[in-house]
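Asker: For reference, the structure I am asking about is given below.
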Amino acid sequence: MTNCSLQPIWQQLVHEQIPNQHENHWQAKNGEQFLIAWSNNVIRHSDGSLRSIIATGMDVTEQRRNEQRLQHVAGHDALTGLPNRALFQVRLGEHLSLASRTGDEVVLLFLDLDRFKQVNDTMGHQAGDELLREATRRILSCVRQYDLVARLGGDEFTIILPQLSHLHTVELIARRILEELARPFSLEQGVAHISGSIGITLFPRDGREMETLLKQADAAMYCAKSAGRNTFRFFTEEMQVAAMHHLHQEEALRAALHNQEFVLHYQPRLDLASRQIIGVEALLRWQRADGALLELVPPNAFLDLAEETGLIVPLGAWVLQTACRQAKSWQDQGLPPLQMAVNLAPDQFRQPDTLIEMVTQVLQETRLDPACLELEITEKMIMADEAGAVQTMNRLRSLHVKWSIDNFGTGHSSLGSLTSLPVQAVKIDERFIQGVTVPGSEAAVTVRAMLALANRLQLRVVAEGVETAAQWQFLQEQGCDALQGFCCSHPLPADRFAEWVQQHGTGIATWPAQPGTSNRD
């Protein structure tokens, strides 16, 4: 060993300036560094004079390296190398404690990646991991050297910004992060597009406790998502109220699924030429107990939350099972075979193997003819992964299940994509239908163009949300195939729907009574 003179160490041992157990670095002649752990024992005569020194050294270099590696693993995320939740909480506590003494502010950012789950589901977990690593590099490039970025799990990150004197600096950092995340991600599996939503809270202005600050930053992040994503929001008291409401709604939704509080209502679909009842759409309702009363909650009040929390998948499975069972039950009661239309959620469509297995199992269990089942998806769901969508649709089409595009005209899909899809029908969104009889509205021109396009592609067209006889007449004159809406019937519970069909027989012979009237009530 070199670079270590024994004389100073000897003197320190003699005067007991070095503890019995200590470590120091030694360097070999070849330059390699070692860490030596010493065990020292000084032996003296009865008069206190030095008799001898016994020093035993052991190379602990590799042992200490292993300990450091274990310590790093315990406190860091294996995928990104960032501090994990446990280490983040320790560091945040240290920053808050120091700021309490110095009077400084600490800024906490809560970042969630928008549309990350879509990338994970459509391109695979390997692509998701690659995206998270690249997102980490981009986030780190936007913060200062002494700021701390941590990954809490999944696609959630937190950022601690200490020693900030101006909120303008916080805004600059947040905007820079959002700009970096909005750039395309070139992954091995293809190009992915995401964005970020950031919630921001300040110590001590917004709170002094760690848990409080985390909840506030999380609430602000959800506010950013509600504002359209790819933005940031600072915490306010109003956000806290909204966050608590969001939490209670989520808890109520989970309880509703467990307690079977959901029901299906059914709206008939009529053939315009013959006025025959040819199909029915299953529409979800939440039959929520409000004290002694039962409140029927429409889907637009809870479906976004169901998608956000992942409850949409089990809920969608229940809808499919219930609708198919009901369709078969009506047939067994003597009603004519009707096409049962069921809407699919994006999360269901992004898991093709699970979807196909579920549809196959439901058809087997209910013994419903597959030709009587129509699955509805939107243009946006197809455009998210057109090649994958075609493959999934063809696999289910081989079972003789039919497909239709819901909200047609709102997704701006190309003519080329429509020609490649195994679709049998399109449904014109009610927003277009409502304007077809309004003077000066472009809706009539748009609907005519849609009908012409569908006719070229030999697709059946269903008009949604038809309310008046004037709308009915316009659609019939333009060659629309079928319609559904209040002009025929409100969505009805299963038993009332059966009565309605039995009352009207195979079709409606007398409606609409006069152009311009409405059957809304």
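Asker: Where in the range 432-508 are there helices (runs of 4 or more DSSP H), lying wholly inside it, with at least 3 residues that are touching a residue at least 60 places away in the same chain (Cβ under 8 Å)?
Answerer: Of the helices (runs of 4 or more DSSP H) lying wholly inside the range 432-508, those with at least 3 residues that are touching a residue at least 60 places away in the same chain (Cβ under 8 Å) span 469-477, 494-504.
Asker: Residues being part of a loop (DSSP other than H, G, I, E, B) and under 17 Å from the mean Cα position of the chain (by Cα): count how many of those fall in the range 138-162.
Answerer: Result for the range 138-162: 2.
Quick grid of which residues meet (1) at pLDDT 90 or above; (2) under 19 Å from R496 (Cα atoms); (3) more than 22 Å from the chain's Cα centre (by Cα); (4) in a strand (DSSP E or B):
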| site | (1), (2), (3), (4) |
| --- | --- |
| R288 | no, no, yes, yes |
| L296 | no, yes, yes, yes |
| N300 | no, no, no, no |
| D304 | no, no, no, no |
| E307 | no, no, no, no |
| V313 | yes, no, no, no |
| A317 | yes, no, no, no |
| C324 | yes, yes, yes, no |
| K328 | yes, yes, yes, no |
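Asker: Can you tell me which residues in the range 75-128 are under 21 Å from the mean Cα position of the chain (by Cα), open to solvent by less than 60 Å² (accessible area, probe 1.4 Å) and without any contact (Cβ under 8 Å) to a residue 24 or more places away in the chain?
Answerer: From the range 75-128, those under 21 Å from the mean Cα position of the chain (by Cα) are 79-80, 85, 109-128; that's our starting set.
Now drop any that are not open to solvent by less than 60 Å² (accessible area, probe 1.4 Å), which leaves 79-80, 109-114, 116, 118-124, 127-128.
Answer for the range 75-128, where residues must be under 21 Å from the mean Cα position of the chain (by Cα), open to solvent by less than 60 Å² (accessible area, probe 1.4 Å) and without any contact (Cβ under 8 Å) to a residue 24 or more places away in the chain: N120, G128.
Asker: Just to check your reading of the model, which residue among R44, R85, R115 is within 30 Å of F203 (Cβ to Cβ), among the basic types (K, R) and at pLDDT 70 or above? Spell out the reasoning first.
Answerer: Working: R44 fails: within 30 Å of F203 (Cβ to Cβ); R115 fails: within 30 Å of F203 (Cβ to Cβ).
Checking each option against the conditions leaves just R85.
Asker: Let me ask something else. Given the residues G485, G465, which is the only one that is within 22 Å of I278 (Cβ to Cβ), in contact with a strand residue (DSSP E or B) (Cβ under 8 Å, 6 or more places away or on another chain), open to solvent by less than 40 Å² (accessible area, probe 1.4 Å) and of a type outside the set (F, W, Y)?
Answerer: G485
Asker: Being open to solvent by less than 30 Å² (accessible area, probe 1.4 Å) and closer than 17 Å to E179 by Cβ is the filter here, so list the residues in the range 129-146 that pass it.
Answerer: So the first thing to find is which residues in the range 129-146 are open to solvent by less than 30 Å² (accessible area, probe 1.4 Å), and the list is 131-132, 135-136, 138-139, 142-143.
Residues satisfying the conditions are L131, A135, T136, R138, I139, C142, V143.
Asker: Return yes when H400 is on the phi > 0 side of the Ramachandran plot, open to solvent by 60 Å² or more (accessible area, probe 1.4 Å) and either part of a helix (DSSP H, G or I) or modelled with pLDDT of 90 or more (or both) and no when it is not.
Answerer: Yes: the conditions hold for H400.
Asker: May I pose another question? Name the residues in the range 156-214 that are among the acidic types (D, E) and open to solvent by 80 Å² or more (accessible area, probe 1.4 Å), would you?
Answerer: Result: E179, E188, E209, E211.
Asker: The conditions are (1) within 19 Å of A384 (Cβ to Cβ); (2) not in a strand (DSSP E or B), and V170 fails exactly one of them. Which is it?
Answerer: (1)
Asker: Tell me, yes or no, whether the range 216-224 has at least one residue that is on the phi < 0 side of the Ramachandran plot, open to solvent by 30 Å² or more (accessible area, probe 1.4 Å) and free of Cβ contacts under 8 Å to residues at least 12 places away in the same chain.
Answerer: No, because not a single residue in the range 216-224 is on the phi < 0 side of the Ramachandran plot, open to solvent by 30 Å² or more (accessible area, probe 1.4 Å) and free of Cβ contacts under 8 Å to residues at least 12 places away in the same chain.
Asker: Among the numbered conditions (1) buried (at least 17 other Cβ atoms within 10 Å of the Cβ); (2) at pLDDT 90 or above; (3) aliphatic (A, V, I, L, M), tell me where V445 comes up short.
Answerer: Among (1) buried (at least 17 other Cβ atoms within 10 Å of the Cβ); (2) at pLDDT 90 or above; (3) aliphatic (A, V, I, L, M), V445 violates only (1).
This table checks each residue for (1) more than 28 Å from G409 (Cβ to Cβ); (2) touching a residue at least 24 places away in the same chain (Cβ under 8 Å); (3) open to solvent by less than 60 Å² (accessible area, probe 1.4 Å).
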| site | (1), (2), (3) |
| --- | --- |
| G310 | yes, yes, yes |
| L315 | no, yes, yes |
| V319 | no, yes, yes |
| Q326 | yes, yes, yes |
| T360 | yes, yes, yes |
| E365 | yes, yes, no |
| A371 | no, yes, yes |
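The values are calculated or read from the model by the stated rules, or taken from the named source; none is laboratory data. Please read these numbers as outputs of a predicted model, since none were measured by experiment. Quick reminder, even Gly has a Cβ in these numbers, built from the backbone with ideal geometry, and neighbours come from all protein chains shown. What goes into the accessible areas is simple: the full protein's heavy atoms, side chains included, and nothing from ligands, DNA or RNA. Shrake-Rupley method; radii C 1.70, N 1.55, O 1.52, S 1.80 Å.
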